[in-house]
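These notes concern the structure reproduced below.
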Amino acid sequence: MTSTSPAPAPTAIPPVLAEVVRSGFVEGHHRGSLVVLGADGSVEHAIGDVTAPVFPRSANKPMQAAGILRAGLDLGGERLAVTAASHSGEPFHLDLVRKMLAEQGLSETQLQCPPDLPLDAVEAEAYLAAGHTRDRVTMNCSGKHTSMLAACAQAGWPTETYLDPGHPLQRLIREVVETAAGERVASIGTDGCGAPLMALTLPGLARAFRHFVLAPEGSPERRVADAMRAHPEYVAGTRRPDTWLMREVPGALSKMGAEAVQAVALPDGRALAFKIDDGAIRALGPVLARALTLMGVDAEVVSRIGEAPLLGGAVRVGEIRAAF
């Protein structure tokens, strides 16, 4: 008798969060997972496997900024907002990061984020047209790296190894992440900027944002949330949905991450988090707009965020739209 191994269990296919419609024909899908928490923190909507950890990418930045404050660096206003930013590389972003480096007695050469072009396509074109090349300050995480360096210098910690997961600053950030999310970090990787990246479940990510907006006034977490909401253009940029949402929905805290991750919390504790599996940023706006509607957000900006036209011959012939 020949023995055979049991067939592997079928893997669940993630549900469709957005579909690509061109000339009335559905030509593609973007799958993923999404969770919405009610004001009491309970799960009100869950689509897909929300228990599987994901890398939040830059949606972790508010927690990293709170860790920097807990390390002893005193920041506020625009400086704290850009510390939690994935900035667009607009002139006011770059001017502030360079000013922060000078204030702390640091140089651009100490930044360990990679040289890059501005994140915003319009700004990247203008930057190249002006004859500039890739630069560390221009990289969208430069505000975070500047403040990480400054916190280490002030605390007397090594600055050369500030991105090592075992560094005192990174261990402190992990504590902040786990406390805010209410769960242990599932895995540690390396983000695009070189910083340690800590995996959470989507409910954990949503709880973390909820934790920040509900934190006591004056706490590091609340200080980060308040700075981001007061200066949203420094968190993202003038042409970015995070900026629009925080500017036009009172009390909203919003941060996207690479590979199409998004987290939002409202001041009453409602929160959401989602991840689009294929990392398609183009689907982020429509999915975010639909999720905000599920949360009960009724504002003009939701429709604007949800706009994702498809062009044919420079004319709109379709759209990417939410499918849930």
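State yes or no: is ASP116 farther than 22 Å from CYS152 by Cα, under 20 Å from the mean Cα position of the chain (by Cα) and in contact (Cβ under 8 Å) with a residue 24 or more places away in the chain? Judged against the criteria, ASP116 is a match.
Exactly one residue out of ALA66, ALA81, ALA59 is in contact with a Phe, Trp or Tyr (Cβ under 7 Å, 6 or more places away or on another chain), within 20 Å of SER254 (Cβ to Cβ) and surrounded by 17 or more Cβ atoms within 10 Å (Cβ to Cβ), and it is ALA81.
Remark: ASP95 matches the filter, which requires a residue to be open to solvent by 40 Å² or more (accessible area, probe 1.4 Å), acidic (Asp, Glu), at pLDDT 95 or above and under 24 Å from ARG247 (Cα atoms).
When VAL185, VAL177 are screened for being more than 19 Å from ALA84 (Cα to Cα) and under 18 Å from the mean Cα position of the chain (by Cα), only VAL185 passes. Could you tell me whether the range 218-241 includes any residue that is more than 30 Å from ARG70 (Cβ to Cβ) and not in a strand (DSSP E or B)? Scanning the range 218-241, I find at least one residue that is more than 30 Å from ARG70 (Cβ to Cβ) and not in a strand (DSSP E or B), so the answer is yes. Quick check, is ARG304 in a helix (DSSP H, G or I), surrounded by fewer than 21 Cβ atoms within 10 Å (Cβ to Cβ), more than 13 Å from the chain's Cα centre (by Cα) and without any contact (Cβ under 8 Å) to a residue 40 or more places away in the chain? No: the conditions fail for ARG304.
Here VAL264 clears all of (1) among the hydrophobic types (A, V, I, L, M, F, W, C); (2) in contact (Cβ under 8 Å) with a residue 60 or more places away in the chain; (3) surrounded by 24 or more Cβ atoms within 10 Å (Cβ to Cβ) except the condition numbered (2).
Is the range 98-111 home to any residue that is open to solvent by 60 Å² or more (accessible area, probe 1.4 Å), in contact with a Ser or Thr (Cβ under 8 Å, 6 or more places away or on another chain) and either within 19 Å of ALA227 (Cα to Cα) or outside any helix (DSSP H, G or I) (or both)? Looking through the range 98-111, at least one residue is open to solvent by 60 Å² or more (accessible area, probe 1.4 Å), in contact with a Ser or Thr (Cβ under 8 Å, 6 or more places away or on another chain) and either within 19 Å of ALA227 (Cα to Cα) or outside any helix (DSSP H, G or I) (or both). Scanning the range 220-257 for residues that are open to solvent by 20 Å² or more (accessible area, probe 1.4 Å) and of a type in the set (Gly, Ala, Ser) turns up ALA230, GLY251. Would you confirm, using the coordinates I've provided, whether ASP298 is open to solvent by 40 Å² or more (accessible area, probe 1.4 Å), assigned to a loop (DSSP other than H, G, I, E, B) and in contact (Cβ under 8 Å) with a residue 40 or more places away in the chain? Against the criterion (open to solvent by 40 Å² or more (accessible area, probe 1.4 Å), assigned to a loop (DSSP other than H, G, I, E, B) and in contact (Cβ under 8 Å) with a residue 40 or more places away in the chain), ASP298 does not qualify. Quick check: is even one residue across the range 133-142 over 18 Å from SER86 (Cβ atoms) and either in contact (Cβ under 8 Å) with a residue 12 or more places away in the chain or open to solvent by 40 Å² or more (accessible area, probe 1.4 Å) (or both)? Yes, because at least one residue in the range 133-142 is over 18 Å from SER86 (Cβ atoms) and either in contact (Cβ under 8 Å) with a residue 12 or more places away in the chain or open to solvent by 40 Å² or more (accessible area, probe 1.4 Å) (or both). Candidates are the residues of the range 56-83 that are part of a loop (DSSP other than H, G, I, E, B) and in contact with a Leu (Cβ under 7 Å, 6 or more places away or on another chain); the one that is nearest to LEU266 (Cα to Cα) is PRO56.
Of everything listed in (1) farther than 23 Å from PRO15 by Cα; (2) in a helix (DSSP H, G or I), the single unmet condition for LEU284 is (1).
Screening ASP120 on (1) surrounded by 19 or more Cβ atoms within 10 Å (Cβ to Cβ); (2) more than 21 Å from ASP191 (Cβ to Cβ) shows it passes everything except condition (2). Restricting to the range 17-55, what's the tally of residues that are open to solvent by less than 10 Å² (accessible area, probe 1.4 Å), within 14 Å of LEU288 (Cα to Cα) and either part of a loop (DSSP other than H, G, I, E, B) or among the small types (Gly, Ala, Ser) (or both)? Residues flagged as open to solvent by less than 10 Å² (accessible area, probe 1.4 Å), within 14 Å of LEU288 (Cα to Cα) and either part of a loop (DSSP other than H, G, I, E, B) or among the small types (Gly, Ala, Ser) (or both) within the range 17-55 amount to 2.
Here are some residues: ALA180, ALA206. Which one is among the aliphatic types (A, V, I, L, M) and touching a helix residue (DSSP H, G or I) at 6+ places or on another chain (Cβ under 8 Å)? Full working, then the answer.
Working: ALA206 fails: touching a helix residue (DSSP H, G or I) at 6+ places or on another chain (Cβ under 8 Å).
Criteria check complete, one pass: ALA180.
Residue-wise test of (1) touching a residue at least 24 places away in the same chain (Cβ under 8 Å); (2) of a type in the set (Asp, Glu); (3) over 15 Å from ALA263 (Cβ atoms).
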| residue | (1), (2), (3) |
| --- | --- |
| LYS61 | yes, no, no |
| GLY67 | yes, no, yes |
| GLY77 | yes, no, yes |
| LEU80 | yes, no, yes |
| ALA85 | yes, no, no |
| LEU96 | yes, no, yes |
| MET100 | yes, no, yes |
| GLU108 | yes, yes, yes |
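The values are calculated or read from the model by the stated rules, or taken from the named source; none is laboratory data. Owing to the predicted nature of the structure, the values given are computational and were not obtained by experimental measurement. Positions of Cβ are backbone-derived with ideal geometry, glycine not excepted, and every protein chain shown enters the neighbour counts. Note: areas computed on protein heavy atoms with side chains; ligands, DNA, RNA excluded. Shrake-Rupley method; radii C 1.70, N 1.55, O 1.52, S 1.80 Å.
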